[in-house]
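Bear in mind these aren't lab numbers, they're just calculated from the coordinates by the rules spelled out. This is a predicted model, so every value here is computed, not measured. Quick reminder, even Gly has a Cβ in these numbers, built from the backbone with ideal geometry, and neighbours come from all protein chains shown.
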């Protein structure tokens, strides 16, 4: 997050519409020089007065997930979720694989006379 004076000065430079768009997608307000655009409509900006490694940023035209990344392409995801069987006969129950460390107490009753 930046200081209030920097935020207000960037608000004056970029305008109210771009201010809210940047706050929604970037989380910070930035004002800089438009370096170029690509075929997808993304805009590339540069501001050398920013902190190092934060001098360049991209304003994406479409903020959505890549359509190629779907559940079918991700092999680690199962196609259908496993239902929750808690409190039913199908619930997962672990079994003990270790030897008991303590003997259970078995009371011995003496026969009455």
- [ ] With r as the distance between the Cβ atoms of residue 58 and residue 92 and R0 = 35 Å, compute the FRET efficiency 1/(1 + (r/R0)^6) and round to 0.05.
- [x] 0.15
TODO: Compute the long axis of helix 16-25 from its Cα atoms, compare it with the longest principal axis of the Cα atoms of the chain, and write down the angle in degrees, 0 to 90, nearest 10.
DONE: 30 degrees
Task: Within the chain, helix-based [θ] at 222 nm, where runs of 4 or more DSSP H residues each add -39,500 (n - 2.57), nearest 500 - done: -5500 deg cm²/dmol
- [ ] Sort 23, 48 so the one with the fewest other Cβ atoms within 10 Å of its own Cβ comes first.
- [x] 48, 23
Task: Using alpha-carbon coordinates, inclination of helix 4-14 to the longest axis of the chain, degrees - done: 60 degrees
- [ ] Report Rg (one decimal) and Dmax (nearest whole number) for the stretch 4-59, counting Cα atoms only, units Å.
- [x] 11.1, 35
Task: Sites residue 76 and residue 105, calculated FRET efficiency, Cβ-Cβ separation with R0 41 Å, nearest 0.05 - done: 0.25
- [ ] Could you compute the FRET efficiency for residue 40 and residue 2, with r as their C-beta to C-beta distance and R0 at 35 Å, rounded to 0.05?
- [x] 0.80
- [ ] Run through every distinct alpha carbon pair of the chain and return the Kirkwood hydrodynamic radius in angstroms, one decimal place.
- [x] 21.0 Å
Open item on the list: Just want the ordering: 14, 58, 93, from fewest to most Cβ atoms lying within 10 Å of their own Cβ.
Closed with: 93, 58, 14
